[in-house]
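S.K.: Just dropping this structure here.
The values are calculated or read from the model by the stated rules, or taken from the named source; none is laboratory data. What you see is a predicted model, and the numbers here were worked out from it, not measured in a lab. No Cβ is skipped: glycine too gets one built from the backbone with ideal geometry, and neighbour counts run over all protein chains shown. These accessible areas exclude ligands, DNA and RNA; they are computed on the full protein's heavy atoms, side chains included. Shrake-Rupley method; radii C 1.70, N 1.55, O 1.52, S 1.80 Å.
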Amino acid sequence: MVRQLSARRLAVAVALASLAGYLDGCGFILLGGYFVSFMTGNTTRLAVDLAHVDWSAAGLAAALITAFVMGVMAGTALTSPASDRTVHILGVITASAALAAALAPTTAPAVAGSLLAFGMGAANTVLAQRQDVAFGVTYMTGALVKVGQGVVRALRGGDRWGWSRHLLMWAAVAAGAVAGGLASSLLASSALWIATGAAGVLTSAAAVFRMRRGRARTP
(Lines give C-alpha, C1' and ligand atoms only; values in the text may rest on other atoms or scores of the structure.)
Protein backbone atom coordinates (compact mmCIF):
# COMPACT_ATOMS: atom_id res chain seq x y z
CA MET A 1 0.00 0.00 0.00
CA VAL A 2 1.11 3.58 -0.66
CA ARG A 3 0.82 4.54 3.01
CA GLN A 4 3.34 1.83 3.94
CA LEU A 5 6.08 3.06 1.60
CA SER A 6 9.21 4.75 2.89
CA ALA A 7 9.81 8.34 1.85
CA ARG A 8 12.29 7.20 -0.82
CA ARG A 9 9.97 4.60 -2.28
CA LEU A 10 7.09 7.07 -2.23
CA ALA A 11 9.25 9.52 -4.19
CA VAL A 12 9.92 6.79 -6.74
CA ALA A 13 6.20 6.00 -6.92
CA VAL A 14 5.29 9.65 -7.50
CA ALA A 15 7.98 10.00 -10.17
CA LEU A 16 6.74 6.89 -11.96
CA ALA A 17 3.12 8.06 -11.70
CA SER A 18 4.12 11.40 -13.23
CA LEU A 19 5.96 9.59 -16.03
CA ALA A 20 2.96 7.33 -16.62
CA GLY A 21 0.67 10.35 -16.81
CA TYR A 22 3.02 12.12 -19.21
CA LEU A 23 3.26 9.12 -21.51
CA ASP A 24 -0.48 8.54 -21.34
CA GLY A 25 -1.03 12.14 -22.40
CA CYS A 26 1.42 11.72 -25.28
CA GLY A 27 -0.01 8.32 -26.18
CA PHE A 28 -3.59 9.55 -26.14
CA ILE A 29 -2.75 12.15 -28.77
CA LEU A 30 -0.46 9.86 -30.78
CA LEU A 31 -3.01 7.04 -30.87
CA GLY A 32 -6.09 9.16 -31.37
CA GLY A 33 -7.88 8.43 -28.11
CA TYR A 34 -6.25 5.23 -26.83
CA PHE A 35 -4.00 4.84 -23.80
CA VAL A 36 -0.59 3.42 -23.00
CA SER A 37 -1.00 3.07 -19.22
CA PHE A 38 -4.78 3.13 -18.59
CA MET A 39 -5.90 -0.36 -19.57
CA THR A 40 -9.43 0.06 -18.20
CA GLY A 41 -9.96 2.74 -20.81
CA ASN A 42 -8.51 0.52 -23.53
CA THR A 43 -10.75 -2.34 -22.45
CA THR A 44 -13.79 -0.11 -22.85
CA ARG A 45 -12.52 1.06 -26.24
CA LEU A 46 -11.96 -2.56 -27.27
CA ALA A 47 -15.51 -3.50 -26.32
CA VAL A 48 -17.05 -0.51 -28.10
CA ASP A 49 -14.91 -1.10 -31.21
CA LEU A 50 -16.00 -4.73 -31.30
CA ALA A 51 -19.63 -3.70 -30.89
CA HIS A 52 -19.22 -1.40 -33.90
CA VAL A 53 -17.36 -4.11 -35.83
CA ASP A 54 -14.34 -1.83 -36.19
CA TRP A 55 -11.67 -4.49 -36.42
CA SER A 56 -8.76 -2.09 -36.97
CA ALA A 57 -9.53 -0.02 -33.87
CA ALA A 58 -10.26 -3.14 -31.82
CA GLY A 59 -6.93 -4.57 -32.93
CA LEU A 60 -5.14 -1.46 -31.69
CA ALA A 61 -6.81 -1.68 -28.28
CA ALA A 62 -6.03 -5.40 -28.05
CA ALA A 63 -2.40 -4.80 -29.04
CA LEU A 64 -1.97 -2.17 -26.33
CA ILE A 65 -3.51 -4.40 -23.66
CA THR A 66 -1.34 -7.34 -24.73
CA ALA A 67 1.81 -5.22 -24.73
CA PHE A 68 0.97 -3.92 -21.25
CA VAL A 69 0.55 -7.45 -19.88
CA MET A 70 3.81 -8.51 -21.52
CA GLY A 71 5.52 -5.56 -19.84
CA VAL A 72 4.17 -6.69 -16.47
CA MET A 73 5.48 -10.18 -17.23
CA ALA A 74 8.92 -8.83 -18.13
CA GLY A 75 9.10 -6.70 -15.00
CA THR A 76 7.93 -9.57 -12.82
CA ALA A 77 10.52 -11.87 -14.36
CA LEU A 78 13.21 -9.35 -13.39
CA THR A 79 11.87 -8.94 -9.85
CA SER A 80 13.66 -10.89 -7.15
CA PRO A 81 12.82 -11.26 -3.44
CA ALA A 82 16.54 -11.60 -2.76
CA SER A 83 17.79 -8.38 -4.34
CA ASP A 84 16.63 -4.98 -5.51
CA ARG A 85 16.10 -5.05 -9.28
CA THR A 86 14.71 -1.52 -9.54
CA VAL A 87 17.54 -0.42 -11.83
CA HIS A 88 16.90 -3.28 -14.25
CA ILE A 89 13.19 -2.57 -14.54
CA LEU A 90 13.75 1.17 -14.92
CA GLY A 91 16.23 0.32 -17.65
CA VAL A 92 13.50 -1.60 -19.48
CA ILE A 93 11.18 1.40 -19.20
CA THR A 94 13.87 3.75 -20.51
CA ALA A 95 14.71 1.47 -23.43
CA SER A 96 11.03 1.08 -24.35
CA ALA A 97 10.47 4.83 -24.30
CA ALA A 98 13.62 5.47 -26.33
CA LEU A 99 12.68 2.91 -28.97
CA ALA A 100 9.15 4.32 -29.16
CA ALA A 101 10.51 7.85 -29.56
CA ALA A 102 12.88 6.72 -32.31
CA LEU A 103 10.21 4.79 -34.24
CA ALA A 104 7.20 7.07 -33.74
CA PRO A 105 7.97 9.45 -36.64
CA THR A 106 8.44 6.66 -39.20
CA THR A 107 6.22 3.74 -38.17
CA ALA A 108 2.54 3.16 -37.49
CA PRO A 109 1.43 4.75 -34.19
CA ALA A 110 0.42 1.31 -32.90
CA VAL A 111 4.06 0.20 -32.88
CA ALA A 112 5.28 3.11 -30.75
CA GLY A 113 2.14 2.89 -28.61
CA SER A 114 2.68 -0.80 -27.91
CA LEU A 115 6.28 -0.13 -26.88
CA LEU A 116 5.10 2.54 -24.46
CA ALA A 117 2.40 0.24 -23.09
CA PHE A 118 5.05 -2.45 -22.58
CA GLY A 119 7.14 0.02 -20.57
CA MET A 120 4.17 1.10 -18.50
CA GLY A 121 3.35 -2.51 -17.71
CA ALA A 122 6.90 -2.95 -16.43
CA ALA A 123 6.57 0.27 -14.41
CA ASN A 124 3.85 -1.34 -12.31
CA THR A 125 6.35 -3.91 -11.04
CA VAL A 126 9.04 -1.47 -9.87
CA LEU A 127 7.61 -1.32 -6.35
CA ALA A 128 6.83 -5.03 -6.19
CA GLN A 129 7.28 -6.76 -2.86
CA ARG A 130 8.24 -10.44 -2.89
CA GLN A 131 7.29 -10.62 -6.56
CA ASP A 132 3.70 -9.49 -5.92
CA VAL A 133 2.72 -5.99 -7.01
CA ALA A 134 2.12 -3.96 -3.83
CA PHE A 135 0.19 -1.41 -5.86
CA GLY A 136 0.22 -0.17 -9.41
CA VAL A 137 1.50 3.27 -10.29
CA THR A 138 -1.07 3.61 -13.09
CA TYR A 139 -4.18 2.39 -11.19
CA MET A 140 -5.67 5.77 -10.32
CA THR A 141 -9.27 4.57 -9.97
CA GLY A 142 -8.09 2.55 -6.98
CA ALA A 143 -6.20 5.57 -5.65
CA LEU A 144 -9.34 7.71 -5.75
CA VAL A 145 -11.29 4.97 -3.96
CA LYS A 146 -8.64 5.06 -1.23
CA VAL A 147 -8.94 8.84 -1.03
CA GLY A 148 -12.69 8.61 -0.50
CA GLN A 149 -12.36 5.85 2.07
CA GLY A 150 -9.55 7.65 3.86
CA VAL A 151 -11.45 10.93 4.14
CA VAL A 152 -14.42 9.17 5.74
CA ARG A 153 -12.14 7.32 8.17
CA ALA A 154 -10.46 10.62 9.07
CA LEU A 155 -13.84 12.22 9.76
CA ARG A 156 -14.65 9.27 12.03
CA GLY A 157 -11.51 9.88 14.08
CA GLY A 158 -9.09 7.61 12.25
CA ASP A 159 -5.82 8.43 10.51
CA ARG A 160 -6.19 12.10 9.63
CA TRP A 161 -3.89 12.21 6.63
CA GLY A 162 -3.65 8.59 5.48
CA TRP A 163 -5.55 9.41 2.29
CA SER A 164 -3.16 12.19 1.24
CA ARG A 165 -0.57 9.87 -0.32
CA HIS A 166 -3.18 8.38 -2.61
CA LEU A 167 -4.28 11.87 -3.61
CA LEU A 168 -0.63 12.70 -4.29
CA MET A 169 -0.37 9.74 -6.65
CA TRP A 170 -3.50 10.82 -8.52
CA ALA A 171 -2.22 14.40 -8.73
CA ALA A 172 1.12 13.15 -10.08
CA VAL A 173 -0.61 11.28 -12.92
CA ALA A 174 -2.86 14.27 -13.67
CA ALA A 175 0.05 16.71 -13.72
CA GLY A 176 2.08 14.36 -15.88
CA ALA A 177 -0.80 14.03 -18.36
CA VAL A 178 -1.11 17.82 -18.61
CA ALA A 179 2.61 18.06 -19.35
CA GLY A 180 2.40 15.24 -21.88
CA GLY A 181 -0.55 16.81 -23.65
CA LEU A 182 1.14 20.19 -23.86
CA ALA A 183 4.46 18.71 -24.99
CA SER A 184 2.76 16.64 -27.68
CA SER A 185 0.88 19.69 -28.94
CA LEU A 186 4.17 21.55 -29.31
CA LEU A 187 6.61 18.80 -30.27
CA ALA A 188 4.45 16.00 -31.70
CA SER A 189 6.14 12.60 -31.28
CA SER A 190 9.42 14.27 -30.27
CA ALA A 191 7.79 14.85 -26.88
CA LEU A 192 8.55 11.20 -26.17
CA TRP A 193 12.24 12.04 -25.90
CA ILE A 194 11.47 14.12 -22.81
CA ALA A 195 9.97 11.03 -21.18
CA THR A 196 12.98 9.00 -22.27
CA GLY A 197 15.28 11.50 -20.60
CA ALA A 198 13.21 11.49 -17.41
CA ALA A 199 13.22 7.68 -17.32
CA GLY A 200 16.97 7.73 -17.87
CA VAL A 201 17.46 10.10 -14.95
CA LEU A 202 15.39 7.81 -12.71
CA THR A 203 17.44 4.81 -13.83
CA SER A 204 20.73 6.62 -13.17
CA ALA A 205 19.56 7.81 -9.75
CA ALA A 206 18.51 4.28 -8.81
CA ALA A 207 21.88 2.94 -9.96
CA VAL A 208 23.78 5.51 -7.89
CA PHE A 209 21.65 4.77 -4.82
CA ARG A 210 22.21 1.04 -5.22
CA MET A 211 25.96 1.56 -5.57
CA ARG A 212 26.14 3.72 -2.47
CA ARG A 213 24.06 1.30 -0.44
CA GLY A 214 26.32 -1.54 -1.55
CA ARG A 215 29.39 0.37 -0.41
CA ALA A 216 27.77 1.18 2.92
CA ARG A 217 27.14 -2.50 3.56
CA THR A 218 30.68 -3.49 2.68
CA PRO A 219 32.71 -3.96 5.88
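S.K.: Pull out a ≥ b ≥ c, the square roots of the eigenvalues of the alpha-carbon gyration tensor of the range 149-219, then state rounded if a/c is under 1.5, prolate if not and a/b is larger than b/c, and oblate in the remaining case.
M.R.: It is oblate, given that a/c is not under 1.5 and a/b is not larger than b/c.
S.K.: Now a separate question. Expressed as a fraction of 2.2 N^0.38 Å, the rule-of-thumb size for a compact globular protein of N residues, what is the C-alpha radius of gyration of the range 1-143?
M.R.: So the range 1-143 has a normalised radius of gyration of 1.04.
S.K.: Going toward the positive end of the dipole of the chain, with +1 on Lys and Arg Cβ and -1 on Asp and Glu Cβ, which of PHE209, VAL178, LEU78 do you reach last?
M.R.: The residue sitting most towards the positive pole is PHE209.
S.K.: Assigning unit charges at the beta carbon (Lys, Arg +1; Asp, Glu -1) and nothing else, what dipole magnitude in debye, to the nearest 20, does the range 73-176 show about its Cα centre?
M.R.: Computed about the Cα centre, the dipole is about 380 debye.
S.K.: Moving on to the next point. From Cα pairs below 8 angstrom and at least 6 apart in sequence, can you work out the relative contact order of the chain, rounded to a whole percent?
M.R.: Reported as a whole number, the value is 32 percent.
S.K.: On a 1.4 Å probe surface of the protein chains, which of ASP24, ASP159, ASP84 comes out largest in accessible area, and what is the full order?
M.R.: ASP159, ASP84, ASP24
S.K.: Which order do you get for ARG9, ARG212 if you rank them by accessible area with a 1.4 Å probe, largest at the top?
M.R.: Largest to smallest exposure gives the sequence ARG212, ARG9.
S.K.: Along the three principal axes, how long is the range 80-207 when you take its alpha carbons, biggest first, rounded to the nearest angstrom?
M.R.: That gives 57, 40, 25 Å along the principal axes, largest extent first.
S.K.: Working only with C-alpha atoms, what are the Rg and Dmax values of the range 6-66, expressed in angstrom?
M.R.: Just the Cα atoms of the range 6-66 yield Rg and Dmax of 14.3, 48 Å.
S.K.: Let me know the charge dipole size of the chain about its Cα centre in debye, to the nearest 20, where only the beta-carbon of Lys, Arg (+1) and Asp, Glu (-1) is charged.
M.R.: Dipole magnitude for the chain comes out near 1200 debye.
S.K.: How many Å² of accessible area per residue for the range 15-159, probe 1.4 Å?
M.R.: Value returned for the range 15-159: 44 Å² of accessible area per residue.
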